[in-house]
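The values are calculated or read from the model by the stated rules, or taken from the named source; none is laboratory data. Because the structure is a prediction, the values reported are computed rather than measured. Please note: Cβ atoms are built from the backbone with ideal geometry, for glycine as well, and neighbour counts cover all protein chains shown. Protein only, heavy atoms only, side chains kept; ligands, DNA and RNA dropped before computing areas. Shrake-Rupley method; radii C 1.70, N 1.55, O 1.52, S 1.80 Å.
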Amino acid sequence: MSPTQRQRLMVVVIMIVGIGIASTLTLLAFQKNLLYFVTPTQITSGELPQQRQFRVGGLVVEGTVQREGVKVQFDLTDTANSVTVVYSGILPDLFREGQGIVANGKLTDSGVFEASEVLAKHDENYMPPEVSDALEAAKNLPDKFKGHPK
Amino acid sequence: MRLFRFFHRFASPREFFRISGSMIPWLAATTLLLLLIGLYLGLFVAPPDYQQGESYRIMFIHVPSAWMSLFVYMVMAGAAAIGLIWRIKLAHVIAMSSAPIGASFTFLALVTGSLWGKPMWGAWWVWDARLTSELILLFLYLGVMALYAAFEERRTAQRAAGILAIVGVINVPIIHYSVMWWNTLHQGPTVTKFDAPSIHLSMLAPLLIMAVAFTVFYVVVLLMRARWEVLDQEQRSNWVDDYLEQLSS
Amino acid sequence: MSEFFHMGGYAFYVWTSYGIAFAILLINVVLPIVRRQRLLRDLRRTKSRKTT
């Protein structure tokens, strides 16, 4: 490698390192804004303002889904804390008990989360229904599989 | 050493034109074969998913194109860096020919993601970290293409667009790790995580075959684009005259 | 067979995805071929102008 080539290589390396540091700092500064949703724990700890739009994500607690016409009410948990969500509208196909979902809405004075939109968040596991059934039957599901419906 | 000599010869425009021309038919046939096998396994053999039913079959298009959008970007940025540092003409040609192909893979990943997101998540689009960073990748590709087209003089254009490509490479790890660094609506990694892939073999096989098919496809269309670009750039050389004569006879 | 095309109710999403994918791959193949035709035509023209 000739000296000029080495010099140009250094310029490219310094450029990448510089941009890398700048981006890291920027992303760290906006860390909070980059989160797509908050957890129920953040709500119960009173971190979040009432009457302002935000998203909350968690798992639908089994046995808490109550439907009344188009209105639906359920609890959302991050396994540590949970928050009650009310919503009226069309639910995504994947909405079921135990499913990970993200609700967009506002927190009311009573501590209930009034959602204007409910999105389903599926996990990264893919398998045929028979395998899922076998796993369910085995009852020794690892945590990440837990709570998924058949 | 022999490998080095091969690449050295390959980097000469004339040899590149000759060798790539003889490689393309074989690679194209490989692509076609892999695509047919991948589609057959993905659409006919793979069972439905326990959660997402038949809709998950979009994965066999979506995931390979998303992987390619990152891979092609790294090739583009790497080739641009080689071109800038060692002043190899062919490297610039490879970089600039990769941009439109990468842009099309990125577009495909975004569109199929949208078509998958609507039935599963309940939304065509969300502004989470993964989707947003992938959209930025599309804009980076388009920016590189626009910058390259903006300059009259080719060498200036290659350098300007190459620098943008190198700067933008920082977005590649951001896209990859976005689903781990921030909570997103997009799922975490299925195949490329440290423990075993959490996907059944009957679904993993078509996914990987499609990914290899897309990679070979990229090489084919890249060589096709690069060949005619090389011929254009070298049109004053004698070997181009010889080639043209040989064509018309 | 109709069950296959039905895709469990997700036919629109699945087949649109595959359709767009096919179209985009095709465009990637066609564009270089068009470029080749144009380039060869132009090169022949300039060369013949030079010789005459």
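Overview of values
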item	result
The range A:96-140, residues that are facing chain B (nearest Cβ under 8 Å), open to solvent by less than 40 Å² (accessible area, probe 1.4 Å) and in contact with a strand residue (DSSP E or B) (Cβ under 6 Å, 6 or more places away or on another chain)	A:102, A:118, A:119, A:120, A:126
Flag if residue C:1 is more than 7 Å from chain B (Cβ to nearest Cβ) and more than 25 Å from residue B:225 (Cα to Cα)	yes
Hits in the range A:60-71 - residues which are open to solvent by 100 Å² or more (accessible area, probe 1.4 Å) and either without any contact (Cβ under 8 Å) to a residue 40 or more places away in the chain or assigned to a strand (DSSP E or B) (or both)	A:66, A:67, A:68, A:70, A:71
Hits in the range B:22-33 - residues which are farther than 19 Å from residue B:95 by Cα and open to solvent by less than 30 Å² (accessible area, probe 1.4 Å)	B:31
Residues within the range A:107-150 that are farther than 23 Å from residue B:196 by Cα, at pLDDT 90 or above and of a type in the set (D, E, K, R), tallied	2
Odd one out for residue B:207, checked against (1) within 27 Å of residue B:58 (Cβ to Cβ); (2) open to solvent by 30 Å² or more (accessible area, probe 1.4 Å)	(2)
Whichever residue in the range B:210-231 is farther than 13 Å from residue B:63 by Cα and open to solvent by 40 Å² or more (accessible area, probe 1.4 Å) and, among such residues, is nearest to the other protein chains (Cβ to nearest Cβ)	B:225
Criterion: among the β-branched types (Val, Ile, Thr), in contact (Cβ under 8 Å) with a residue 24 or more places away in the chain and away from chain A (no Cβ under 13 Å) - qualifying residue of B:111, B:126, B:63, B:93	B:93
Residue satisfying all of: in the range B:189-204; surrounded by 16 or more Cβ atoms within 10 Å (Cβ to Cβ) and assigned to a loop (DSSP other than H, G, I, E, B); modelled with the lowest pLDDT among these	B:197
Those residues of the range C:19-33 which are small (Gly, Ala, Ser) and facing chain B (nearest Cβ under 7 Å), in sequence order	C:21
Answer from A:19, A:14, A:90 - the residue that is surrounded by fewer than 17 Cβ atoms within 10 Å (Cβ to Cβ) and in a loop (DSSP other than H, G, I, E, B)	A:90
Condition broken by residue A:57, with the remaining ones in (1) in a loop (DSSP other than H, G, I, E, B); (2) open to solvent by less than 30 Å² (accessible area, probe 1.4 Å); (3) small (Gly, Ala, Ser) satisfied	(1)
Of the criteria (1) within 13 Å of another protein chain (Cβ to nearest Cβ); (2) open to solvent by less than 10 Å² (accessible area, probe 1.4 Å); (3) under 15 Å from residue B:227 (Cβ atoms), which one residue B:16 fails	(1)
Filtered residues of the range A:22-56 (kept if closer than 21 Å to residue B:187 by Cβ and among the basic types (Lys, Arg))	A:55
